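Can you keep this structure in mind? I'll have questions shortly.
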Amino acid sequence: MNFADSLKENKIFKVIAEAAKESSVDAYVIGGFARDLILKRESKDIDIVCIGSGIDLANAVAAKLGGDIEVAVFKNFGTAMVKHDDWEIEFVGARKESYNRDSRKPIVEEGTLEDDQNRRDFTINALAISLNAKDFGNLLDPFGGVEDIRKKIIKTPLQPEITFSDDPLRMMRALRFASQLNFDIAPETFEAIKKNKDRLSIVSMERIADELNKIILSSKPSYGFKLLFHSGILDKIFPELTELQGVETIDNKSHKDNFYHTLQVLDNVSKESDDLWLRWAAILHDIAKPATKRFDEKIGWTFHGHEDRGAKMVPSIFRRLKLPLNEKMKMVANLVRLHLRPIALVKENITDSAIRRLVFEAGEDINSLMILCRGDITSKNDLKVKKYLENFRKVELKIKEVEERDNLRNFQPVVTGEDIMKTFGLKPSRIVGDLKTDLREAILEGHVKNEYKEAFEYLLEIAEKKYNLKTPSVKISTKKSDQ
Ligand code: CTP
């Protein structure tokens, strides 16, 4: 196979080839870029391996590109990185040991191209394309990587035990590539993952979470999660999720398997959104079902309060998995907490106030919440799903209508805590909070319009009635225009 034409489309390869020639070293495109070229996937990262010093070649390339191109050198690891236009090009000298970008082990032994290909993770990632004059564009594929791409197989180039002991994270990478590319994992490779999964304990949680997030972002993440589950890795890194698996039956009454249900919800949500955090909310929406599960002789299985309990579990799960403890986490917790609310509205006679409350509590996350909630409608019975979705659609329309009419998305009562303190000469205190809550409730219930004059008058009324606060003589001195 020859890729000369494809490489010529990008001038950077010409520059690298010339620099390598002038430095008298052989150079090859290797790894992900070569794989993605065959798969016709877009890729912005280029890995170059040369038989000699990767750092020297990077410097030579930067000099040729001219301008003020910086070379980031990682001396200990013998690698260097050049950024040019949108491209990130990493240069490395061929080596005898494992190639692993995150390894802290300094390199010691230089090697041949074959040595280097030997120590890469998968056959599909060990492909090299020559940049040398004598065979420019030729593919060097010692392990049948092209055939494995054709067969859609993830397989280690050496015995899997050897490849995985070089870097145990590769076990996660195998599942990640399978999930991203919709590939199978070769049986002996999968067996080795099952056998060696405990070795993941020496890998940092950050690297594991990176791979997990890539699985979550693949187009059908349930596949990656099934691989994680059956390899035994899921139980190691995320036992709360495996706990959802299984069905219990008492008195002929069974509940659904919440693990497979969760995966279905995750796939449903993923069809509609590629937001990582919404996908996380799908994964976690029923996470507290095992903790809240009860059997009631009259009504069967219940999971009362699993939404609140689940929301409370989010921070500790995020902390352990080294996910960000910021507003993204808050959004996930909020979605978990609210995930039953829209569907509950299907059953009730929907009142405007119930909708106003939901929109107020969901805030910016209302669209995500609706996607999650729609995705949560799963059943083996297609007719049931259809009927539910139809009813749900009515709720969605109603929400839209109320939201637009009352302009609620970023709802804040027009009379603020500041206003309350000023009006009654109060310092920050409980009573200010209580007044604010009363006012907000009245607006959400629809008793009072969210307009300054009406809200302010209501405030004066409840302040006097409930808290015996005197109405100030000048009623609305700092009158704001109604919003
Ligand atoms: N590699 C490896 N073992 C690792 C990490 C990386 O052998 N633990 C090698 C593989 O040859 C891989 C290349 O380094 O193709 C580049 O690694 P990386 O950028 O992490 O992966 P890509 O294959 O480029 O894929 P992606 O960009 O999707 O992560």
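Using only alpha-carbon positions, what ratio does the radius of gyration of region 417-467 give when scaled by 2.2 N^0.38 Å? Please report the intermediate quantities before stating the final value.
Values: Rg = 10.2 Å, N = 51, 2.2 N^0.38 = 9.8 Å.
Taking N as the residue count of region 417-467, the ratio is 1.04.
Starting from the Cα coordinates of region 67-189, work out the convex hull volume and express it per residue in Å³. Present the calculation step by step, with values, prior to reporting the outcome.
Numbers: hull volume 16.5 nm³, N = 123.
Expressed per residue, the convex hull around the Cα atoms of region 67-189 is 134 Å³.
Something else now. For Lys271 and Lys394, FRET efficiency with R0 = 30 Å and r from the beta-carbon atoms, rounded to 0.05? It would help to have the intermediate numbers written out before the result.
Values: r = 22 Å, r/R0 = 0.72.
It comes out at approximately 0.90.
Using a simple charge model, +1 on the beta-carbon of Lys and Arg, -1 on the beta-carbon of Asp and Glu, nothing else, what dipole does region 188-244 show about its Cα centre, in debye to the nearest 20?
Working: 9 positive and 9 negative charges, 31 e Å.
With only Lys, Arg, Asp and Glu charged at Cβ, the dipole is about 160 debye.
Now for a separate question. What spacing in nm lies between the two simple spin-label points modelled at Lys226 and Glu327, each 7 Å away from Cα in the Cβ direction?
Modelled inter-label distance: 3.8 nm.
What's the magnitude of the charge dipole for region 419-475 around its Cα centre, counting Lys and Arg as +1 and Asp and Glu as -1 at the beta-carbon? Answer in Debye, nearest 20.
For region 419-475, the charge dipole is close to 300 debye.
Going Cα to Cα from Lys466, which lysines come in below 28 Å? Please leave out same-chain ones fewer than 8 positions away.
Lys422, Lys427, Lys436, Lys449, Lys453, Lys475, Lys479, Lys480
Over the Cα atoms of region 163-237, what radius of gyration and what Dmax do you get, in Å?
Using the Cα atoms of region 163-237, the pair Rg, Dmax is 11.0, 30 Å.
Given a cut-off of under 8 Å on Cα pairs at least six residues apart, what relative contact order in percent is computed for the chain? Don't skip to the answer; put the middle values down first.
Details: 708 pairs, mean separation 37.2, N = 483.
Computed value for the chain: 8 percent relative contact order.
Right, next: Any idea how far apart Ser353 and Ser165 come out in nm if each label point goes 7 Å out from Cα toward Cβ?
Result for the modelled spin labels: 7.0 nm.
Let me ask you something else. List the pairs from Lys197/Lys386; Lys289/Lys380; Lys293/Lys322; Lys40/Lys64; Lys83/Lys312 whose alpha-carbon separation is above 32 Å, in the order I gave them.
Lys197/Lys386; Lys83/Lys312
How many nm separate the modelled label positions at Glu401 and Asn367, each set 7 Å beyond the Cα in the direction of the Cβ?
Roughly 2.2 nm, to one decimal.
Go through Lys256/Lys298; Lys152/Lys214; Lys195/Lys271 and tell me which ones have a Cα-Cα distance over 22 Å in this structure. Could the numbers behind the result be given before it?
Values: Lys256/Lys298 18 Å; Lys152/Lys214 19 Å; Lys195/Lys271 34 Å.
Table pairs above 22 Å Cα-Cα are Lys195/Lys271.
Then there's this: Along the positive direction of the dipole of region 73-183 (beta-carbon charges: Lys, Arg +1; Asp, Glu -1; about the Cα centre), which of Ile154, Phe136, Met81 reaches farthest?
Ile154
As a check on your grasp of the helix formula, calculate [θ] at 222 nm for the chain: sum -39500 (n - 2.57) over DSSP H runs of n ≥ 4, divide by the residue count, round to the nearest 500.
Values: 25 runs with 260 residues, N = 483.
One gets -16000 deg cm²/dmol as the mean residue ellipticity at 222 nm.
Still on this structure, I have one more. Cut-off is 10 Å between beta-carbons; in what order do Trp277, Trp301 appear when sorted fewest neighbours first? Write out the running numbers ahead of the final one.
Numbers: Trp277 20, Trp301 17.
Final ranking by Cβ density, sparse to dense: Trp301, Trp277.
For Lys75, go through the aspartates and glutamates and keep the ones whose alpha-carbon is under 15 Å away, minus same-chain ones fewer than eight residues off.
Asp56, Glu90, Asp102, Glu109, Glu110
Kindly write out, for region 377-386 in residue order, the coupling ³J(HN,Hα) from the Karplus curve 6.51 cos²θ - 1.76 cosθ + 1.60 (θ = phi - 60°), rounded to whole Hz, with x marking Gly and Pro.
7, 10, 6, 6, 8, 4, 4, 4, 4, 4
Which of the aspartates and glutamates could a cross-linker bridge to Lys220, judged by Cα under 18 Å and excluding same-chain residues fewer than eight apart?
Correct list for Lys220: Asp184, Asp210, Glu211, Asp267, Glu272, Asp274, Asp275, Asp376.
Taking the Cα centre of region 393-453 as the origin, how large is its charge dipole in debye, to the nearest 20, when only Lys and Arg (+1) and Asp and Glu (-1) carry charge on their Cβ atoms?
Numbers: 13 positive and 12 negative charges, 17 e Å.
Dipole magnitude for region 393-453 comes out near 80 debye.
Also, quick follow-up: With only alpha-carbon pairs counted, each pair once and no self-pairs, how large is the Kirkwood hydrodynamic radius of the chain in angstroms?
Numbers: mean 1/r = 0.0373 Å⁻¹.
One decimal place: 26.8 Å for the Kirkwood radius.
Could you list Arg35, Arg430 so that the one with the fewest beta carbons within 10 Å of its beta carbon is first and the one with the most is last? Let's see the in-between values first.
Values: Arg35 23, Arg430 7.
Listed from fewest to most nearby Cβ atoms, that is Arg430, Arg35.
Could you tell me which of Ile38, Leu7, Val25 has its Cα farthest along the dipole of the chain towards the positive end, charges placed at Cβ (Lys, Arg +1; Asp, Glu -1), taken about the Cα centre?
Ile38
Could you work out the relative contact order of region 163-237? I mean the mean sequence separation of Cα pairs under 8 Å and 6+ apart, divided by the number of residues, in percent. Write out the running numbers ahead of the final one.
Details: 61 pairs, mean separation 30.4, N = 75.
Value for region 163-237: 41 percent.
In region 129-215, what trypsin sites (Lys or Arg not before Pro) fall in a loop by DSSP, with at most 15 other Cβ atoms inside 10 Å?
On the way: sites: Lys134, Arg150, Lys151, Lys152, Lys155, Arg170, Arg173, Arg176, Lys194, Lys195, Lys197, Arg199, Arg207, Lys214; in loops: Lys152, Lys155.
Sparse-neighbourhood loop trypsin sites (Lys or Arg not before Pro): Lys152.
No value in this document is a laboratory result; all are computed from the given coordinates. This structure is a prediction, so every number in the text was calculated from the model and none was measured. Note: ideal-geometry Cβ built from the backbone for every residue, glycine included; neighbour counts use all protein chains shown.
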